[in-house]
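The values are calculated or read from the model by the stated rules, or taken from the named source; none is laboratory data. This one's a predicted model, so the numbers in the text were calculated from it and none came from an experiment. We place every Cβ from the backbone using ideal geometry, glycine too, and count neighbours over all the protein chains shown. Heads up: the accessible areas ignore ligands, DNA and RNA and are worked out on the full protein's heavy atoms, side chains in. Shrake-Rupley method; radii C 1.70, N 1.55, O 1.52, S 1.80 Å.
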Amino acid sequence: MTFLITAGPTQEPIDPVRYISNRSSGKMGYAIAEAALDAGHDVILISGPVNLAPPRDAKFISVSTSDEMFDAVHQHADSSDICVLCAAVADYKPAQVSPVKIKKCAAQVSLELVPTRDILQSLGLQEDRKFLLVGFAAETDHLEANAAKKLREKNCDIIVANDARIAMETDENELLILFRDGETKKISRSSKKNLARELVKIFRNSQQKV
Ligand code: CTP
């Protein structure tokens, strides 16, 4: 099977030297990519800027902005069997990108932001999709309710929910998996490596039911 996996943060430029981003390390997405390769699958890894070496046998696509990630995902989704959108895509980007460095001034400044496109939702709304669609939900409160809302609104098959405070920048995670049919499965705290192995098995078994 072919896995398409997104990982890491996106960077939304303000001017040539500044950007908006987040603390995502990319570790969960890269671990899923490694686990899928170990299980004999093909992997297309679409990654924002992270400090990790790309898995050797993956097709690796490096992106920076949410728009670049959107285009790369749409280019490869239909030829994939399982799309796992693990990236922490920025929800907003500056309304205008200055072509030159913005100079400091004494006055207070404010930055106008506009929403980015939701990549997961754009795939979920694709009516004739053949691939299994997996999203992630990073929450700090009401984990299950917020994740269930994302599953519904983004029309995915599986949402993997985690506590953003445990997951970000660390090697461990704890997961709650929500399936489209209402089933849930908890995987207790473990290394991202172990969790990734479990997830790949779950995704592969679910794909066979799609
Ligand atoms: N996602 C995406 N494109 C975006 C924003 C999010 O594809 N522009 C995907 C993420 O990759 C993840 C899922 O949507 O699979 C949920 O991301 P999350 O940040 O938890 O949720 P948001 O939809 O951004 O909602 P909120 O920040 O309000 O919790």
- Message: Going through THR10, THR2 one at a time, which residue ends up being open to solvent by less than 40 Å² (accessible area, probe 1.4 Å), away from the ligand (no atom under 15 Å from the Cβ) and polar (S, T, N, Q)?
- Response: THR2
- Item | Cβ pairs under 8 Å, 6+ apart, first in segment 55-81 and basic (Lys, Arg), second within 16 Å of the ligand (Cβ to nearest atom) | LYS59/ILE44; LYS59/LEU45
- Note on the structure: Here, strands (runs of 3 or more DSSP E) confined to segment 103-202 with at least 3 residues that are open to solvent by less than 20 Å² (accessible area, probe 1.4 Å) and hydrophobic (A, V, I, L, M, F, W, C) are 132-139, 158-163, 172-179
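Table: residues versus (1) in contact with a Pro (Cβ under 9 Å, 6 or more places away or on another chain); (2) open to solvent by less than 10 Å² (accessible area, probe 1.4 Å); (3) modelled with pLDDT of 95 or more; (4) part of a loop (DSSP other than H, G, I, E, B).
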residue: ILE14; (1), (2), (3), (4): yes, no, yes, no
residue: ARG23; (1), (2), (3), (4): yes, no, no, yes
residue: MET28; (1), (2), (3), (4): no, no, no, no
residue: ALA33; (1), (2), (3), (4): yes, yes, yes, no
- Within segment 79-95, identify whether any single residue is touching a Lys or Arg at 6+ places or on another chain (Cβ under 6 Å) and modelled with pLDDT of 95 or more, and answer yes or no. no
- Query: Among the residues of segment 60-102, which ones are in a helix (DSSP H, G or I) and either loosely packed, with under 13 Cβ neighbours inside 10 Å or within 13 Å of the ligand (Cβ to nearest atom) (or both)?
  - Reply: SER66, ASP67, GLU68, MET69, PHE70, ASP71, ALA72, VAL73, HIS74, ALA77, SER79
- Subset of segment 12-44 (residues that are within 19 Å of the chain's Cα centre (by Cα) and β-branched (Val, Ile, Thr)): ILE20, ILE32, VAL43, ILE44
